[in-house]
1. For Ala219, all conditions in the list (1) part of a helix (DSSP H, G or I); (2) more than 13 Å from Thr312 (Cα to Cα); (3) free of Cβ contacts under 8 Å to residues at least 60 places away in the same chain hold save one; what is the number of the exception?
2. Tell me which residues, restricted to the stretch 49-60, are open to solvent by 40 Å² or more (accessible area, probe 1.4 Å) and in a loop (DSSP other than H, G, I, E, B).
3. Between Ala104, Ala100, which is open to solvent by less than 10 Å² (accessible area, probe 1.4 Å) and over 24 Å from Ala210 (Cα atoms)?
4. Considering only residues that are within 22 Å of Thr88 (Cα to Cα) and either of a type in the set (S, T, N, Q) or buried (at least 24 other Cβ atoms within 10 Å of the Cβ) (or both), which ones fall in the stretch 4-14?
5. Looking only at the stretch 266-276, decide whether some residue is within 27 Å of Leu141 (Cα to Cα), over 20 Å from the mean Cα position of the chain (by Cα) and open to solvent by less than 40 Å² (accessible area, probe 1.4 Å).
6. Quick one: which residue in Ala286, Ala303, Ala331 is of a type in the set (A, V, I, L, M, F, W, C) and either on the phi > 0 side of the Ramachandran plot or at pLDDT 95 or above (or both)?
7. Considering only residues that are in contact (Cβ under 8 Å) with a residue 60 or more places away in the chain and surrounded by fewer than 24 Cβ atoms within 10 Å (Cβ to Cβ), look in the stretch 307-320 and name the one that is nearest to Ala83 (Cα to Cα).
8. In the stretch 185-196, is there at least one residue being under 29 Å from Pro121 (Cβ atoms) and at pLDDT below 95?
Amino acid sequence: MRYVIIGAGAVGGAIGGRLHQAGHDVVLVARGDHLAALRRDGLRLVTPGSEETLAVPAVAGPDDLELAGDDVLVLATKSQHTAEALGTWSPSEVVRGENAGRPAGEVLPVLCAQNGVANEPAASRWFARVAGVCVWLPASLPEPGTVLAPCGPLTGMLHLGAHRASTDGPGHSAGSGTWLDDTLDAVAADLEGARFRAPRPPDVMPWKRAKLVSNLGNAFDALFDRDGGWQDLLGDARTEARAVFEAAGWAVTTPEEEERERADQMDSQDIPGHPRGGGSTYQSLARGSDTVETDYLNGEIAAQGRLLGVPTPVNSAVQHLAARSVRERSAARTVPVDALRALL
């Protein structure tokens, strides 16, 4: 199999870099200064006790690549870029091997290695073979061409599961024994040999919902000063999320289950000369990005709350403040927490 990492930023770069180090065929898909650095210098992967520059092929998109029938597409963009990315890759023709001449969207699997729970059903608009990946992988992109992955001894934990059409809620996945499961078993084995833990639960979405609850803190970390006294409000945001999931009847894994899975194998470590950054939303605001992922994290809870009649005032207010910060080009961690309290 060849792994095509669509969105080879922090998370995608760490996955692609580790798979390349383990001897697998990998192509990174990136853009802008990051793509230029990857093409010029290679991928610089910094991990605890290791700093290596990897000669991984890098492309801008499907026009730069001949797709093969055994390619596995790993989507690691932010959720707000899913439609644009998959709408571009889906009609691209498979050129080599099995299913040559057919569109990628009909025959190639796409693995959504992304936060939130909206990507899998969205991906099904363009791809027939969709899987969810619950991503526990702290990583950052301190400069173009460089990925910092501070966890050890394992770089991350990636639960894998096939997406099924279902009435059981957004992104529901369940069951086994389908055509996609054999591929996911092989992908999991490759990841396990590349310093990841890659469990194969019967349903990946309870893990992704639990991760979404955790990710509700991303916007708080990005918007407000760390000593700003917002921790109680973050607790309220997470309580809202659990109330939404309970009202919908959607399963969510517990912190105890998550801790058992990590089993002291993911210790975030200080790496000399490489100070830790914030979470993914903080990194986006700090870079002056045009968008942030909050609409698919806190905004997902707000949306489902409206559909189910569950109040979600904290998540709705945080979503509004994040959008305003992007629009006004506010620096990260400069919004007074009183602005959130005033909205509430």
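1. Of the numbered conditions (1) part of a helix (DSSP H, G or I); (2) more than 13 Å from Thr312 (Cα to Cα); (3) free of Cβ contacts under 8 Å to residues at least 60 places away in the same chain, the odd one out for Ala219 is (3).
2. Once the filter is applied, which keeps residues that are open to solvent by 40 Å² or more (accessible area, probe 1.4 Å) and in a loop (DSSP other than H, G, I, E, B), the stretch 49-60 yields Gly49, Ala55, Pro57, Ala60.
3. Ala104
4. If the condition is that a residue be within 22 Å of Thr88 (Cα to Cα) and either of a type in the set (S, T, N, Q) or buried (at least 24 other Cβ atoms within 10 Å of the Cβ) (or both), then Val4, Ile5, Ile6, Ala8, Val11, Gly12, Gly13 are the ones that fit.
5. Yes, the stretch 266-276 contains at least one residue that is within 27 Å of Leu141 (Cα to Cα), over 20 Å from the mean Cα position of the chain (by Cα) and open to solvent by less than 40 Å² (accessible area, probe 1.4 Å).
6. Ala303
7. First, the residues of the stretch 307-320 that are in contact (Cβ under 8 Å) with a residue 60 or more places away in the chain: 308-315, 318-319.
Pick out the ones that are also surrounded by fewer than 24 Cβ atoms within 10 Å (Cβ to Cβ) and you get 308-311, 313, 319.
Values: Leu308: 25, Gly309: 28, Val310: 28, Pro311: 28, Pro313: 28, Gln319: 20 Å.
Taking the candidates together, the pick is Gln319.
8. Narrowing the stretch 185-196 to residues under 29 Å from Pro121 (Cβ atoms): 185-192, 194, 196.
If we keep only those that are at pLDDT below 95 too, we end up with none.
For the stretch 185-196, residues under 29 Å from Pro121 (Cβ atoms) and at pLDDT below 95: absent.
The values are calculated or read from the model by the stated rules, or taken from the named source; none is laboratory data. As the structure is a computational prediction, the values presented were derived from the model and not from experiment. Cβ: placed from backbone, ideal geometry, glycine included. Neighbour counts: every protein chain shown. Surface accessibility is based on the protein's heavy atoms, side chains included, excluding ligands, DNA and RNA. Shrake-Rupley method; radii C 1.70, N 1.55, O 1.52, S 1.80 Å.
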